[in-house]
Amino acid sequence: MNTKLDLPGGTVSLQAGPRPAKGGAWNRTAYAAAHVVADPLAEADPWVDVALDWDRTLAFREHLWDLGFGVAEAMDTAQRGMGLDWPTSLELIRRSTELARDKGHLIASGAGTDHLTPGPDVTIDDVIRAYEEQCEAVEAAGSRVILMASRALAQAAQGPDDYARVYGRILSGLKQPAILHWLGEMFDPALEGYWGSGDHMAAMETCLSVIADNADKVDGIKISLLSADKEIAMRRRLPEGVLMYTGDDFNYPDLIEGDEQGHSHALLGIFDPIAAVAARALSELADDDRKAYHATFAPTVPLSRHIFRAPTRFYKTGVVFLAYLNGHQDHFTMVGGQESTRSTLHLAEIVRLANEAGLIADPDMSASRARAVFAARGIVA
């Protein structure tokens, strides 16, 4: 089954990808950071208010769980810090965690300080109180904490010692070990200089020191620096029992496969749109069929690099666009009006690359939906 689709730059023949198979017993822990589905019919100002389609949002999490993934909830993929506020995030965490608990699924959820507006009067104690409020709420909901990077801390900290103080205090109060998240400035410019240095390798020393001092409270760390070399360097220095979760949407196949000195697990935004293919690749790796593993993952890498190209923080638009094309939601409307952050040519290239990666479930539906988006942008075939 294939369908011709005229796109800016040429015609593509959409073909149905392989049917997804449910995940088996993988030898890597794999979280997909999941997007949210906006409610386009809510009586709300999308630049100010947050309105979610709860049924569709939770159904997508069921889709990820059915494929074998854990869900990383209320993270930057869900537009945390770019439209999704803390009250709605907490409601999302509560609803998702209840579903996960009832059905035995894996979930971890973001806790940060995004209800605290950064500013010159914000102190380290203010940051600690904000972190504690969110961590307590996430754990009360029944979820493991993903300790997100804090814009307020990045502005308030005077150096590495402030990071050590904040993280030591927060980790010591948790009921179960957390996943730390080092989100690079390419994902969020407000996090420039995190861990007290603009040099990633110097910052890594502070982060590793924090982990070493609190190793019993750290399940692992997800780093999102888009540098395989930096991730491997850090992975090799983690204390025994502390996991590396790759957040590298450019180099994930090699990092997950690993080398003779170890491997990364995964907590990835790209696993949201490529879940069906990623599940197959992870099953092949578990079967030690590394040739098939790389052959399955390889076509997804150009797509991921395109979706996450600079300005990287706008990658959520491509994630939601593919969810719309593949029928996980009935519209291409995003929280905060973020559907406008990528160009028409960028979206056209997503269609081409997703097709090459075998990610089109229903060519007729995807073609019809793509035509509607491009027509609204003045491109009529």
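The set of residues in the range 232-248 that are acidic (Asp, Glu) and crowded, with 23+ Cβ neighbours inside 10 Å contains only ASP248.
A single entry from ILE170, ILE179, ILE256, ILE223 fulfils the requirement of being closer than 28 Å to PHE271 by Cα, of a type outside the set (S, T, N, Q) and part of a helix (DSSP H, G or I): ILE256. For the range 1-18, a residue qualifies if it is in contact (Cβ under 8 Å) with a residue 12 or more places away in the chain, open to solvent by less than 70 Å² (accessible area, probe 1.4 Å), assigned to a strand (DSSP E or B) and not hydroxyl-bearing (Ser, Thr, Tyr), and the qualifying residues are LEU5, LEU7, VAL12, LEU14.
Against the list (1) surrounded by fewer than 23 Cβ atoms within 10 Å (Cβ to Cβ); (2) in contact (Cβ under 8 Å) with a residue 40 or more places away in the chain; (3) outside any loop (DSSP other than H, G, I, E, B), the condition ALA310 fails is (3). Among the residues of the range 367-381, none is identified as aromatic (Phe, Trp, Tyr) and farther than 18 Å from SER13 by Cα.
Which members of the range 208-239 meet the condition of being over 17 Å from the mean Cα position of the chain (by Cα) and in contact (Cβ under 8 Å) with a residue 40 or more places away in the chain? SER209, VAL210, ASP213, ASN214, LYS217, VAL218, ASP219, listed by residue number.
Note on the range 61-86: among residues that are within 12 Å of the chain's Cα centre (by Cα) and of a type outside the set (A, V, I, L, M), the one that is surrounded by the most Cβ atoms within 10 Å (Cβ to Cβ) is GLU73. Being within 17 Å of the chain's Cα centre (by Cα), open to solvent by less than 60 Å² (accessible area, probe 1.4 Å) and under 19 Å from LEU255 (Cα atoms): is that true of VAL320 here? No: the conditions fail for VAL320.
Within the range 91-105, residues that are closer than 20 Å to GLY68 by Cβ sit with their Cβ atoms under 6 Å from residues that are open to solvent by less than 100 Å² (accessible area, probe 1.4 Å) and part of a loop (DSSP other than H, G, I, E, B), at 6+ positions apart or across chains, in these pairs: THR97/GLY142; THR97/SER143; ARG101/GLY142.
Taking the range 297-339 only, how many residues are over 30 Å from VAL50 (Cα atoms) and touching an Asp or Glu at 6+ places or on another chain (Cβ under 6 Å)? Looking only at that region, the number is 1.
Evaluating THR57 against the criteria (1) over 23 Å from GLY184 (Cβ atoms); (2) among the hydroxyl-bearing types (Ser, Thr, Tyr); (3) in a loop (DSSP other than H, G, I, E, B) leaves one unmet condition, (3). Looking at the range 346-381 only, could you name the residues that are out of contact with any Phe, Trp or Tyr (no Cβ under 8 Å at 6 or more places or on another chain), among the charged types (D, E, K, R), outside any loop (DSSP other than H, G, I, E, B) and closer than 21 Å to THR300 by Cβ? Within the range 346-381, GLU349, ARG352, GLU356 qualify. When the range 119-161 is limited to residues that are part of a loop (DSSP other than H, G, I, E, B) and hydroxyl-bearing (Ser, Thr, Tyr), the one that is most open to solvent (accessible area, probe 1.4 Å) turns out to be THR123. Does the range 275-289 contain at least one residue that is outside any helix (DSSP H, G or I), under 24 Å from THR3 (Cα atoms) and open to solvent by 50 Å² or more (accessible area, probe 1.4 Å)? No: the range 275-289 contains no residue that is outside any helix (DSSP H, G or I), under 24 Å from THR3 (Cα atoms) and open to solvent by 50 Å² or more (accessible area, probe 1.4 Å). Within the range 259-273, the set of residues being assigned to a loop (DSSP other than H, G, I, E, B), in contact with a helix residue (DSSP H, G or I) (Cβ under 6 Å, 6 or more places away or on another chain) and either open to solvent by less than 10 Å² (accessible area, probe 1.4 Å) or more than 28 Å from SER366 (Cα to Cα) (or both) comprises SER264, GLY269, ILE270, PHE271, ASP272. Here the condition is being β-branched (Val, Ile, Thr) and within 18 Å of the chain's Cα centre (by Cα); of VAL37, VAL50, it holds for VAL37 alone.
For VAL36, the conditions (1) open to solvent by 20 Å² or more (accessible area, probe 1.4 Å); (2) in a loop (DSSP other than H, G, I, E, B); (3) modelled with pLDDT of 95 or more are fulfilled apart from (1).
So is ALA21 open to solvent by 40 Å² or more (accessible area, probe 1.4 Å), modelled with pLDDT under 95 and small (Gly, Ala, Ser) or not? Yes.
Every listed requirement among (1) of a type outside the set (Asp, Glu); (2) assigned to a helix (DSSP H, G or I); (3) closer than 30 Å to VAL380 by Cβ; (4) open to solvent by less than 30 Å² (accessible area, probe 1.4 Å) is met by GLN338 save one, (4).
The values are calculated or read from the model by the stated rules, or taken from the named source; none is laboratory data. Please read all numbers here as calculations on a predicted model, not as lab measurements. Ideal geometry is used to build each Cβ from the backbone, glycine not excepted, and the neighbour counts take in all protein chains shown. Heads up: the accessible areas ignore ligands, DNA and RNA and are worked out on the full protein's heavy atoms, side chains in. Shrake-Rupley method; radii C 1.70, N 1.55, O 1.52, S 1.80 Å.
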